[in-house]
Every structure is written in C-alpha cells, then in structure tokens.
Amino acid sequence: MCNQSKNRTKISTFQIHIVEKCKQNDRQAQMQLYNQYCNGMLIVALRFVKDTMEAEDVVQEAFINAFSKLEHFKAEVSFGAWLKRIVINKCIDVLKSKKQRIVELEAYHLNVIEDNNEDDWTVEDDITVEDVKRAIEILPDKYKFVVLLYLIEGYDHKEIAEILNISEIASRTQLSRGKQKLKNALKLKKNGTRS
C-alpha cells in the first residue's frame, strides 16, 4: 500500500510538471500528455458513443477543452481522472444532442430502492464479459449511463450525481434498477429466450 501511494506521488509530481509546461503552451508537453492519455480516453469514449470516428472527435474536443482550461486543474486528482470526466461529459453532450436524452429524474419522482448489495455484481459462470457488455448496451440510457459510470468507470454516487446532474438518491436508485434489468437480461440470455 505504501509503495502504491509513493508511486501516485511520483506520478502526480511528474504530471504537475508536465501540466505546468502545458499551461505555458509548450507544444511538446501537450503532445506528451496527449500521447499518454489518447488511447485510454478513446476506449472510454467508445463505451458511450460506439462510433469510432465520433469517439475520436470527442477525444480531440476533450483535449482541446482540457488544454484551454488547464488553470482549473488543481492536481487534487490525476490529470487522467480530470480528463476522463471531460471526455465523459463530452460523450453525454453528444448523446443528448442526438436526442438520446438522459431522463433526469429527481428523487421525488422515484421510489427509493434500498439495495444493500450494491457491490454484488455476480453472474452465472457461463455468462461471458461480452454477454454483460451486450446486456448493458440494451439498457435504457438512464440506467446504462449510471451502470457504466459505476461499474466500468469506477465512479461513486456523488461523482455520478455531479456528472449526470441528478441527485445521489437518483443515482443509487437508477443503479439498483439498472442492475436488476441487467440481471434479468442475462437470465433471459441464459435461458435461451434472447439471441
């Protein structure tokens, strides 16, 4: 554990140095950050927008946005984590502009579901990762985004609430409902009623 936090400190110090150079419009430093994070951010974007060209556009715009707003980067998180939020927000903007609206339900619209097994995502042994990915794809957007952000991207409910502009209660409820829909879809697949 100690080694891990030492490594994080080294990475952060290195990142801060590179970011400082980028703030001074050092093109070489900007290219270094771009090369370091481009492929990872493309993978994140593809989870949301599915089209490679569109995902590449999202990543380009996210980098432009990040470089133009570097004064807002306070090194409280890694540059990668900060950039990832920008990429996800850009993806959501793209999806919203395509009329694939996220239904922004507030807590008073929802029956709160208490799911004490939030971390229990176990599935049958014969269900593959690809099966899970396909099942996530068919979820309604309001559940799919919360499931993606929580399960795949590793955000907590406070962060999800900020990103999607919903309450933490709505995030918890949508995650719980999304998980249930996901499990149902996987059961249907296992029973052979879905192709």
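The values are calculated or read from the model by the stated rules, or taken from the named source; none is laboratory data. Quick caveat: nothing in here was measured; it's all calculated off a predicted structure. Positions of Cβ are generated from backbone atoms using ideal geometry, with glycine treated the same way; all protein chains shown enter the neighbour counts. All accessible areas refer to the heavy atoms of the entire protein, side chains included, with ligands and DNA or RNA removed. Shrake-Rupley method; radii C 1.70, N 1.55, O 1.52, S 1.80 Å.
Please compare each pair in Lys74/Lys133; Lys84/Lys144; Lys144/Lys187; Lys69/Lys158; Lys23/Lys144 to a cut-off of 26 Å on the Cα-Cα distance and tell me which ones are over it.
Details: Lys74/Lys133 34 Å; Lys84/Lys144 18 Å; Lys144/Lys187 18 Å; Lys69/Lys158 23 Å; Lys23/Lys144 36 Å.
Beyond 26 Å: Lys74/Lys133; Lys23/Lys144.
Output the peptides 35-41, 172-178 sorted from most to least packed, where packing is the average of other Cβ atoms within 10 Å over each peptide's residues.
Highest mean packing first, the order is 172-178, 35-41.
Using protein chains only and a probe of 1.4 angstrom, how many square angstrom of Lys183 are accessible, to the nearest 10?
Approximately 60 Å² of Lys183 is accessible to the 1.4 Å probe.
Starting from the 7 Å offset along Cα-to-Cβ, what nm value, one decimal, do you get for the label separation of Asn184 and Lys96?
The two pseudo-label positions are separated by 2.8 nm.
Can you compute the FRET efficiency between Val77 and Asn165 using 1/(1 + (r/R0)^6), with r the Cβ-Cβ distance and R0 = 25 Å? Round to the nearest 0.05.
On the way: r = 20 Å, r/R0 = 0.79.
Here the calculated transfer efficiency is 0.80.
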